[in-house]
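The next block holds one structure in the form of structure tokens; read it before the comments.
The values are calculated or read from the model by the stated rules, or taken from the named source; none is laboratory data. Predicted model, so just to flag it, every value in this text is computed and none were measured. Don't worry about glycine lacking a Cβ; one is built from the backbone with ideal geometry, like all the others, and counts go over all protein chains shown. Protein only, heavy atoms only, side chains kept; ligands, DNA and RNA dropped before computing areas. Shrake-Rupley method; radii C 1.70, N 1.55, O 1.52, S 1.80 Å.
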Amino acid sequence: MKQYILLLALCINPDFSSAEETQNTLQPRIIGGRNATRNEFPFVVSLLYHGDPQCTGTIFSRYHVLTAAHCINGTTYYEWTVNAGFYIKGDPNTIERKVKCLKLHYNYVVKGNTAFDIAIMDVTQPFEFNAAVQPVNFPDFHQKLPVGTQATVVGWGSTQFQPTLILPLVLQTLKVVTISKKQCKQRWTNLDRTICAVEYTTKKSSCYGDSGGPLMIRYVQWGLISRGTTNCIADKPLKFLKISMFTKWIKHFSKIPCQKN
């Protein structure tokens with residue numbers, strides 16, 4: 001199965017960035033979080049690869065979903081399905097959309113640069129916005145996020161890693177606090193285009209299955225789950241791709257017509 005990555009409370013693996021590892025490795029999911037409530041995060045979607053949940057994404061227009069490039073690198077558009085409008089497995093109101101094309105950041109595909117771990121999915125039919133399905137907002141280009149800001153991570157990743165992986169029945173969410181690059185450098189290298197955050201209690205982190213999920217502050221997505229700790233416990237800060245560095249890229253490439261891939 002593909003890698004999963006969740007927002008706060010996810011254990012994201014820094015080594016899950018390569019295309020080879022991504023194809024057959026579970027991605028991080030949230031551990032130690034709480035159940036989301038109905039319509040609390042109407043922009044969050046589950047991404048299914050050959051019918052199996054693999055990653056998390058966010059709706060940002062009627063035709064577009066944002067996720068992590070490593071989730072879909074090396075795959076083709078027709079292998080994916082987007083499920084929206086639900087927060088609990090088996091919800092009869094789930095909206096399903098087929099994928100029309102995949103748009104990965106050039107620097108991720110060509111250079112394998114994990115600081116560009118971002119991708120857009122175009123869907124074949126538009127999302128119909130209602131209480132359960134809404135687009136997310138993005139910060140302004142290069143907008144800065146103050147250190148010490150409380151944020152929320154959201155995802156469909158695993159809620160237990162050991163002794164066995166357990167996938168959630170309900171969408172999971174976790175509270176985190178942003179920290180400085182100086183603090184983050186104590187445990188991480190390569191912090192280009194990233195936001196770091198921590199969950200100050202123990203054993204709350206992202207885990208396998210949450211890749212591509214959002215780091216939210218109110219109704220704005222500031223980060224995207226790219227990688228984190230390998231063992232699904234909070235022994236390292238969580239790292240997120242900094243969305244404000246990519247808002248121009250998102251706007252530009254969402255308008256480019258699909259080229260089948």
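Summary of computed values
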{"read-out": "Set Ile95, Ile59: member being open to solvent by less than 60 Å² (accessible area, probe 1.4 Å), aliphatic (A, V, I, L, M), more than 26 Å from Trp249 (Cα to Cα) and modelled with pLDDT of 90 or more", "value": "Ile95"}
{"read-out": "Failed item in (1) in contact with a Lys or Arg (Cβ under 9 Å, 6 or more places away or on another chain); (2) modelled with pLDDT of 50 or more; (3) of a type in the set (Gly, Ala, Ser), with Gly51 passing the rest", "value": "(1)"}
{"read-out": "Tally of residues being in contact (Cβ under 8 Å) with a residue 40 or more places away in the chain, closer than 22 Å to Gly155 by Cβ and part of a loop (DSSP other than H, G, I, E, B) across region 91-128", "value": "4"}
{"read-out": "Of all residues in region 62-74 being open to solvent by 10 Å² or more (accessible area, probe 1.4 Å) and in contact with a Ser or Thr (Cβ under 9 Å, 6 or more places away or on another chain), the one that is nearest to Pro126 (Cα to Cα)", "value": "Tyr63"}
{"read-out": "Scope region 242-261; condition modelled with pLDDT of 95 or more, closer than 20 Å to Val45 by Cβ and either touching a strand residue (DSSP E or B) at 6+ places or on another chain (Cβ under 6 Å) or buried (at least 24 other Cβ atoms within 10 Å of the Cβ) (or both); matching residues", "value": "Ile243, Phe253, Ser254"}
{"read-out": "So Thr81, is it open to solvent by less than 30 Å² (accessible area, probe 1.4 Å), at pLDDT 95 or above, over 26 Å from Arg218 (Cα atoms) and assigned to a strand (DSSP E or B)", "value": "yes"}
{"read-out": "Residues (closer than 13 Å to Trp249 by Cα and among the small types (Gly, Ala, Ser)) located in region 100-144", "value": "Ala119"}
